[in-house]
Amino acid sequence: MLDAMGSKVHGFVAKPSRSGKFPAIIQLQYAGIYALDPHWAAQRASDGWLVIDVDAHDKLPSDPSGGVPTSYVALGNTDREKSYFLNMYLRDSRALDYLLTRPDWDGKTVVLTGGSQGGQQSFALAGLRPENITAALVCVPAGADTNGDLHGRKSGFPNWPSDNPKAMETALYFDPVNFASRIKAPVMAGMGFIDTVSPPAGIWTALNQIPGPTEPLPLIESEHDNFTPDKARNCSARTQQILDSIRSGAKYSPTLLK
């Protein structure tokens, strides 16, 4: 648990059982309110990673509710200083601060991973702290193109109301597209071509703003990954492949679409 400018960061930390310095993963969480599974972090640690699994909310990671409103995405959505996502993004940055102080971190490798809202947070953190991030590996990242409904495109999560001008103005401040041009790390992003929660047009838009190399991973028959998990497995498989390569000391060079 860490102080984070008015709220607190909570999560699980796991590391290999042997002594040494290790590459790090920051795992950021998909939407909803739930207890984190500590076995995920433990498995990554057994693979040789220092892991910080960050709860998206100011609550104990073992607590399934923490008193967080189910409608949290709408809280403060007409004011960028009051939006629920402000403290969420700041907590992510604070978790990175903590990681950078750990003596068991290898001093160079920080990979961000997450799906849906976790991908949204990964884009934000990679843009807020570009000098510290080695790679961002995300599946069906949410939150991009929040004003899409105003321009003939389908926007998705967090589904801010397009008929509220203040909400639309605030949404742009937290939109991954807003952070993408600051990202220096290579990015892999899986996108479901029939995804209605994280529509692919928004993900493409965010990737197109990133000045460095990116790897778009088309999931042509996939809705959002929780709806069609069998159609989205290529993203988790590619994520594992890249992580294994980075852990072995290789530099991640995104595979370009042809």
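Annotation: residue 137 fulfils all but one of (1) open to solvent by 20 Å² or more (accessible area, probe 1.4 Å); (2) over 17 Å from residue 90 (Cβ atoms); (3) not small (Gly, Ala, Ser); the unmet one is (1).
Quick check, is residue 12 hydrophobic (A, V, I, L, M, F, W, C), surrounded by fewer than 22 Cβ atoms within 10 Å (Cβ to Cβ), in contact with a helix residue (DSSP H, G or I) (Cβ under 8 Å, 6 or more places away or on another chain) and modelled with pLDDT of 95 or more? First the steps, then the outcome.
Details: hydrophobic (A, V, I, L, M, F, W, C): yes; surrounded by fewer than 22 Cβ atoms within 10 Å (Cβ to Cβ): yes; in contact with a helix residue (DSSP H, G or I) (Cβ under 8 Å, 6 or more places away or on another chain): yes; modelled with pLDDT of 95 or more: yes.
Spelling it out, residue 12 is indeed hydrophobic (A, V, I, L, M, F, W, C), surrounded by fewer than 22 Cβ atoms within 10 Å (Cβ to Cβ), in contact with a helix residue (DSSP H, G or I) (Cβ under 8 Å, 6 or more places away or on another chain) and modelled with pLDDT of 95 or more.
Within the stretch 164-209, can you find the residues that are open to solvent by less than 10 Å² (accessible area, probe 1.4 Å), outside any helix (DSSP H, G or I) and not acidic (Asp, Glu)? Correct list: 183, 185, 187, 188, 189, 190, 191, 192, 198.
If only residues of the stretch 57-73 that are open to solvent by less than 70 Å² (accessible area, probe 1.4 Å), touching a residue at least 12 places away in the same chain (Cβ under 8 Å) and in a loop (DSSP other than H, G, I, E, B) are counted, the one that is farthest from residue 34 (Cα to Cα) is 58.
Residue-by-condition table, conditions (1) within 30 Å of residue 166 (Cβ to Cβ); (2) open to solvent by less than 50 Å² (accessible area, probe 1.4 Å); (3) outside any helix (DSSP H, G or I); (4) in contact with a Cys (Cβ under 6 Å, 6 or more places away or on another chain):
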{"site": "8", "(1), (2), (3), (4)": "yes, no, yes, no"}
{"site": "26", "(1), (2), (3), (4)": "no, yes, yes, no"}
{"site": "35", "(1), (2), (3), (4)": "no, yes, yes, no"}
{"site": "39", "(1), (2), (3), (4)": "no, no, no, no"}
{"site": "48", "(1), (2), (3), (4)": "no, yes, yes, no"}
{"site": "82", "(1), (2), (3), (4)": "yes, no, yes, no"}
{"site": "85", "(1), (2), (3), (4)": "yes, yes, no, no"}
{"site": "92", "(1), (2), (3), (4)": "yes, yes, no, no"}
{"site": "110", "(1), (2), (3), (4)": "no, yes, yes, no"}
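The values are calculated or read from the model by the stated rules, or taken from the named source; none is laboratory data. Computed from a predicted model, the values in this text were never measured in an experiment. Glycine also receives a Cβ, built like all others from the backbone with ideal geometry; neighbour counts cover every protein chain displayed. Surface areas here come from the heavy atoms of the whole protein model, side chains and all, with no ligands, DNA or RNA. Shrake-Rupley method; radii C 1.70, N 1.55, O 1.52, S 1.80 Å.
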